[in-house]
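The values are calculated or read from the model by the stated rules, or taken from the named source; none is laboratory data. Predicted, not measured: the structure shown is a model, and the values here were computed from it. Every residue, glycine among them, receives a Cβ derived from its backbone with ideal geometry; neighbour counts consider all protein chains shown.
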Amino acid sequence: MLMRGEMMDMPLMISGILQHAARCHGDREIVTRLPESGAIHRYGYADAHDRSRQLANALTKSLKIKESDRVATIAWNSHRHFELYYAVSGVGAVIHTVNPRLDPAQIIWMLEHAKARAVFFDTTFAPLVDGIAKHCKSVKNWVLMAGTEHTGAVQTKCKSYEDLIGAHKADYEWPVFDENSAAGLCYTSGTTGDPKGVLYSHRSTVLHAMASCATDVIGVGSRGTLMPVVPMFHVNAWGIPYATPMTGAKLVMPGARLDGEGLHELIESENVSYVAGVPTVWLGLLQYLRENNKRIDSVERVLIGGSALPEALLRAYESEYGVTMQQGWGMTEMSPLGTVSALLPKHEGLPDDEIVKVKLKQGRLVYGVEMRIVDDEGTELPWDGETSGHVHVRGPWIAKSYYRGAGAESFTDDGWFKTGDVAYLDSDGYMTITDRSKDVIKTGGEWVSSIDLENAAMGHPHVGMAAVIGKYHPKWQERPLLIVQPVPGVEPDGASIREYLAGKVPKLWVPDDVVFIDEMPIGATGKILKTKLRDMFRDYQFPNAEE
């Protein structure tokens, strides 16, 4: 038998993160643009801890929330949502963050599937709540995340958040329990079939936050100011609400206003140094900056996730604004961080084009995440930077099953999660995704990377957004169709785009046709909906396909 170490066995508690912040970074600010008014609210981590303890008393005494009860939120990034993150899990309950951009029927399904006992919501979503409340039989309390003066905005019987916590003292003592107890519940977007729940634990959440604090991951310390534009209802805002109090970073919450002007105002006024969100957000901000001759000189880094970082976007921010663009990859099932792009010492001095190639990879493995790539038969493939295969992952913050037993086919018999991505790995641990398993295009026996082709198309000055889908071809089996949302005010020209691509990608990849649409369909998490595009172009046939 192995000798045991003589270390204290202290469980990892989410409440301990905020306790630490209150004691060691008590006056470091959390700044919020309030969803209900647009006004700026600011207070310190010590204040957030006190109000979270008030809320914990309100949950257990006024709302009768018990251990393992699910408490849902339909809310923007704000100080109140932050308080809920800590109070709900701190009392031993489970915070269930709901994406309000989903179809109402899907939201009802999720709330009922989770058996949510209470729902906290922002004023913005009052109409949504009025439409779904009568269908949510498990919900016993609805709480508007504002003061009493705003309750007139909702017809559903509800409590006022400020009145609710105002009736209680900040004397709640956080309990200590098994670190493997459930703490958070997020559902996948459910593009096919019903959404699947991912149930995070205290242990997985704390470990994920600790890993994200590493310099080559998110790495913002007490001198940094971080603004998560990625919503707190989307995989816990990539763990940022846990990592920032852990390190004492200033936290800026943008509320409901995510347009270019609104983001720029907060970046400037709060001296934001690090921001995080999906590519569509940064495309919108870039357009605003260019059109209004504005700058974001305080920003040092941007973390992009959710979908691949287009080369044109990377070059624009880095050359025009001096901002380092950092790509990350992960999934709801991974809490979500799996890889983050960071340069190695060996890359110093390389030509700019070579450095860009490294930055366009999805990044290097974060410590704690193990990865393998396998072929269709499950045979493990080499990390040679060339051989692509299906990506499997495992680790202490990666799901081992879905909530209530759904989706067992997504997990291997030997304990790995099948991500659904196709990628290759190199000897330095960098991953490059070539496609989603369901999006791969095979033409004449050769694979076409829709992701690489989309990113190449984004470099054309007339392309605002780009997506590639495979369509039937009688000779080649399948050929790529490029779908483009043009830059406003330009006359699109498919021939010039194809000519441009001919010098950027292998000849076989150049799409047989380019089609234009006024607006690209965007899903609830900011990704282009290829399922919708496939439906839109269901009857499409390539011109001259027989030639």
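Checking each residue in segment 158-181 for being of a type outside the set (Asp, Glu), over 30 Å from Leu207 (Cβ atoms) and assigned to a helix (DSSP H, G or I) picks out Tyr161, Leu164, Gly166.
Sort through Ala126, Ala182, Ala133 and tell me the only one that's out of contact with any His (no Cβ under 8 Å at 6 or more places or on another chain) and either closer than 20 Å to Arg80 by Cα or among the acidic types (Asp, Glu) (or both). It would help to see each step written out before you state the result.
Values: Ala182 fails: either closer than 20 Å to Arg80 by Cα or among the acidic types (Asp, Glu) (or both); Ala133 fails: either closer than 20 Å to Arg80 by Cα or among the acidic types (Asp, Glu) (or both).
Matching residue, one of Ala126, Ala182, Ala133: Ala126.
Having 3 or more residues that are touching a helix residue (DSSP H, G or I) at 6+ places or on another chain (Cβ under 9 Å) is the bar; report the strands (runs of 3 or more DSSP E) wholly within segment 411-467 that clear it. Break it down stepwise before answering.
On the way: elements: 417-425, 430-436, 441-443, 446-448.
Hits in segment 411-467: 417-425, 430-436.
Annotation note: Cβ proximity below 6 Å between a residue of segment 261-281 that is outside any helix (DSSP H, G or I) and a residue that is acidic (Asp, Glu) and surrounded by fewer than 22 Cβ atoms within 10 Å (Cβ to Cβ) (sequence gap 6+ or interchain) occurs for Ser273/Glu300.
Out of curiosity, is Pro231 in contact (Cβ under 8 Å) with a residue 40 or more places away in the chain, not polar (S, T, N, Q) and not in a helix (DSSP H, G or I)? Yes: the conditions hold for Pro231.
I'd like to verify a number: residues in segment 498-544 that are of a type in the set (Gly, Ala, Ser) and either without any contact (Cβ under 8 Å) to a residue 60 or more places away in the chain or in contact with a His (Cβ under 6 Å, 6 or more places away or on another chain) (or both), how many? So that I can check it myself, show each step before the final result.
First pass over segment 498-544, keeping only residues of a type in the set (Gly, Ala, Ser): 502-503, 523-524, 526.
Subset that is either without any contact (Cβ under 8 Å) to a residue 60 or more places away in the chain or in contact with a His (Cβ under 6 Å, 6 or more places away or on another chain) (or both): 502-503.
Going through segment 498-544 one residue at a time, the tally reaches 2.
Selection of first residues in segment 41-63 that are farther than 11 Å from Leu18 by Cβ and of second residues that are modelled with pLDDT of 95 or more and among the polar types (S, T, N, Q), restricted to Cβ pairs under 7 Å at least 6 apart or on distinct chains, gives the following pairs, ordered by first then second residue: His41/Thr32; Leu63/Asn141. Among the residues of segment 10-40, those identified as farther than 30 Å from Ala153 by Cα, touching a residue at least 12 places away in the same chain (Cβ under 8 Å) and either of a type in the set (A, V, I, L, M, F, W, C) or buried (at least 23 other Cβ atoms within 10 Å of the Cβ) (or both) are Leu12, Met13, Ile14, Ser15, Ile17, Leu18, Ala21, Ala22, Cys24.
To keep it simple, each residue is scored yes or no on (1) among the aliphatic types (A, V, I, L, M); (2) over 21 Å from Ile304 (Cα atoms); (3) buried (at least 21 other Cβ atoms within 10 Å of the Cβ); (4) modelled with pLDDT of 95 or more.
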| position | (1), (2), (3), (4) |
| --- | --- |
| Leu337 | yes, no, yes, yes |
| Leu343 | yes, no, no, yes |
| Trp383 | no, yes, no, yes |
| Glu409 | no, yes, no, no |
| Val422 | yes, no, yes, no |
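Quick one: count up the residues across segment 146-196 that are charged (D, E, K, R) and in contact with a Lys or Arg (Cβ under 6 Å, 6 or more places away or on another chain). I'd like the intermediate steps shown before the answer.
Applying the first criterion (charged (D, E, K, R)) to segment 146-196 yields 149, 157, 159, 162-163, 169, 171, 173, 178-179, 194, 196.
Imposing the further condition that a residue be in contact with a Lys or Arg (Cβ under 6 Å, 6 or more places away or on another chain) reduces the set to 179.
Of the residues in that region, 1 qualify.
Hey, any hits in segment 166-182 for a residue that's among the charged types (D, E, K, R) and touching an Asp or Glu at 6+ places or on another chain (Cβ under 9 Å)? Break it down into steps so the answer makes sense when it comes.
Of segment 166-182, the ones among the charged types (D, E, K, R) are 169, 171, 173, 178-179.
Next cut, touching an Asp or Glu at 6+ places or on another chain (Cβ under 9 Å) only: none.
So far as segment 166-182 goes, no, none of its residues is among the charged types (D, E, K, R) and touching an Asp or Glu at 6+ places or on another chain (Cβ under 9 Å).
Going by the conditions given, is Thr215 crowded, with 22+ Cβ neighbours inside 10 Å and over 15 Å from the mean Cα position of the chain (by Cα)? It is false that Thr215 is crowded, with 22+ Cβ neighbours inside 10 Å and over 15 Å from the mean Cα position of the chain (by Cα).
Comparison of Val129, Val154, Val91 shows that the only residue that is on the phi < 0 side of the Ramachandran plot and either among the hydroxyl-bearing types (Ser, Thr, Tyr) or touching a residue at least 60 places away in the same chain (Cβ under 8 Å) (or both) is Val91.
Do you know which of the residues in segment 479-497 that are free of Cβ contacts under 8 Å to residues at least 60 places away in the same chain, aliphatic (A, V, I, L, M) and surrounded by 14 or more Cβ atoms within 10 Å (Cβ to Cβ) is nearest to Lys442 (Cα to Cα)? So that I can check it myself, show each step before the final result.
We begin by selecting, within segment 479-497, every residue free of Cβ contacts under 8 Å to residues at least 60 places away in the same chain; these are 480, 482-497.
Subset that is aliphatic (A, V, I, L, M): 482-484, 487, 490, 495, 497.
Filter once more, keeping what is surrounded by 14 or more Cβ atoms within 10 Å (Cβ to Cβ): 482-484, 487, 497.
On the way: Leu482: 15, Ile483: 18, Val484: 21, Val487: 29, Ile497: 22 Å.
Ranking the candidates gives Leu482 first.
Here Ser201 does not fit the description of being of a type in the set (S, T, N, Q) and touching a residue at least 40 places away in the same chain (Cβ under 8 Å).
Whether any residue in segment 89-106 is charged (D, E, K, R), more than 24 Å from Ala249 (Cβ to Cβ) and surrounded by fewer than 20 Cβ atoms within 10 Å (Cβ to Cβ) is what I want to check. Taking every residue of segment 89-106 in turn, at least one turns out to be charged (D, E, K, R), more than 24 Å from Ala249 (Cβ to Cβ) and surrounded by fewer than 20 Cβ atoms within 10 Å (Cβ to Cβ). The C-beta contact set for segment 348-367 (first residue touching a residue at least 24 places away in the same chain (Cβ under 8 Å) and more than 22 Å from Cys213 (Cα to Cα), second residue small (Gly, Ala, Ser) and part of a helix (DSSP H, G or I), distance under 8 angstrom, 6+ apart or interchain) is empty.
Can you list the helices (runs of 4 or more DSSP H) lying wholly within segment 63-157 that have 3 or more residues being hydroxyl-bearing (Ser, Thr, Tyr) and closer than 21 Å to Gly184 by Cα? Here the list reads 79-90.
Of the strands (runs of 3 or more DSSP E) lying entirely inside segment 329-374, those containing at least 2 residues that are over 20 Å from the mean Cα position of the chain (by Cα) and not charged (D, E, K, R) span 370-374.
How many of the residues in segment 183-198 are in contact (Cβ under 8 Å) with a residue 60 or more places away in the chain and either surrounded by fewer than 19 Cβ atoms within 10 Å (Cβ to Cβ) or in a loop (DSSP other than H, G, I, E, B) (or both)?
Initial filter on segment 183-198 (in contact (Cβ under 8 Å) with a residue 60 or more places away in the chain): 183-192, 194-198.
Still in the running and either surrounded by fewer than 19 Cβ atoms within 10 Å (Cβ to Cβ) or in a loop (DSSP other than H, G, I, E, B) (or both): 188-192, 194-196.
So the answer is 8.
Residues that are in a helix (DSSP H, G or I) and not aliphatic (A, V, I, L, M) within segment 43-62 comprise Tyr45, Asp47, His49, Asp50, Arg51, Ser52, Arg53, Gln54, Asn57, Thr60, Lys61, Ser62, listed in sequence order.
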